[in-house]
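Some notes on the structure that comes next.
The values are calculated or read from the model by the stated rules, or taken from the named source; none is laboratory data. Remember, it's a predicted structure, so these values are computed and weren't measured experimentally. For neighbour counting, all protein chains shown are included, and Cβ atoms are generated from backbone atoms with ideal geometry for every residue, glycine included.
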Amino acid sequence: MTYPVFASGDVLNASDMNAVGLWLVKTQTIGSGVSSVTVTGAFSAEYDNYKITVSGGSASTSTNLALQLGSKTSGYRTGLLYHSWANTSLAVGSTTGSSMVYAGNALTNGLYANIDVNSPFLSTNTFVSGQWNSPNDAGVSQMQTNDTTSYTAFTLLISGATITGGTIRVYGYRN
Amino acid sequence: MSTATETNRPLIQIDDEIREMTDEEYAAYLEMQASAPPPLGQADE
């Protein structure tokens with residue numbers, strides 16, 4: 001067979017399966033009217049790097065999705081380089097943030113996040129990149145934990161609003 | 001999913017459990033709201 005295209009009845013050889021790059025770790029359905037969602041058991045020694053996606057659902061008021069790792073509530077290095085759809089470039093940042101503020105979007109017509117998390121479980125700095133994509137502007141969001149804590153969980157926070165429905169998915173990049 | 005509502009505090013979700021914030025969590029929530037940066041433009045189309 002020619003990887004990654006398989007035909008019905010093909011034997012899945014170890015070499016083929018070991019070449020699969022992205023594995024679903026956890027799926028979490030978002031409840032009704034919540035202001036934050038914590039996903040436990042997301043990060044482990046199984047993978048060094050992860051992708052988090054959020055889709056579907058809706059927010060009571062359009063706002064940002066913020067990200068925290070474990071119980072860390074301060075000391076985040078975080079920044080967003082963004083542009084209006086009319087092409088004006090802007091930036092915001094902090095070296096003492098309480099979260100990765102602009103990790104995604106919670107809009108009345110849908111939730112959105114596409115976050116890559118590098119080395120959350122390893123005892124090294126954790127590096128996170130995400131995307132901001134709102135009706136008025138869009139950009140690239142970055143964060144460092146600036147510590148060597150090993151994290152297993154994360155929380156998505158909704159500032160001044162609640163969210164209902166939607167799905168959080170956590171994938172691990174094969175080491 | 002289980003839910004619980006005893007006061008008017010915001011609900012939080014931890015995996016499949018949904019409950020109201022504890023005193024400590026609510027204090028942290030209010031502090032976060034107070035220190036939150038100005039929101040970027042989010043008006044829906």
Hey, A:Tyr102 modelled with pLDDT of 90 or more, within 11 Å of another protein chain (Cβ to nearest Cβ) and either in a strand (DSSP E or B) or buried (at least 18 other Cβ atoms within 10 Å of the Cβ) (or both) or not: yes
Residue list for the range A:62-91, restricted to those being buried (at least 24 other Cβ atoms within 10 Å of the Cβ), more than 11 Å from chain B (Cβ to nearest Cβ) and more than 18 Å from A:Asn118 (Cβ to Cβ): A:Leu65
Some residue of the range B:20-30 being more than 7 Å from chain A (Cβ to nearest Cβ), at pLDDT 65 or above and in a loop (DSSP other than H, G, I, E, B): yes
Subset tally (residues that are small (Gly, Ala, Ser), modelled with pLDDT of 95 or more, farther than 16 Å from A:Pro120 by Cβ and buried (at least 16 other Cβ atoms within 10 Å of the Cβ)) for the range A:142-174: 1
Scope the range B:32-45; condition at pLDDT 70 or above, surrounded by fewer than 16 Cβ atoms within 10 Å (Cβ to Cβ) and either in contact with a strand residue (DSSP E or B) (Cβ under 8 Å, 6 or more places away or on another chain) or more than 8 Å from every other protein chain (Cβ to nearest Cβ) (or both); matching residues: B:Ala34
Verdict on A:Asp116 being part of a loop (DSSP other than H, G, I, E, B) and more than 10 Å from every other protein chain (Cβ to nearest Cβ): no
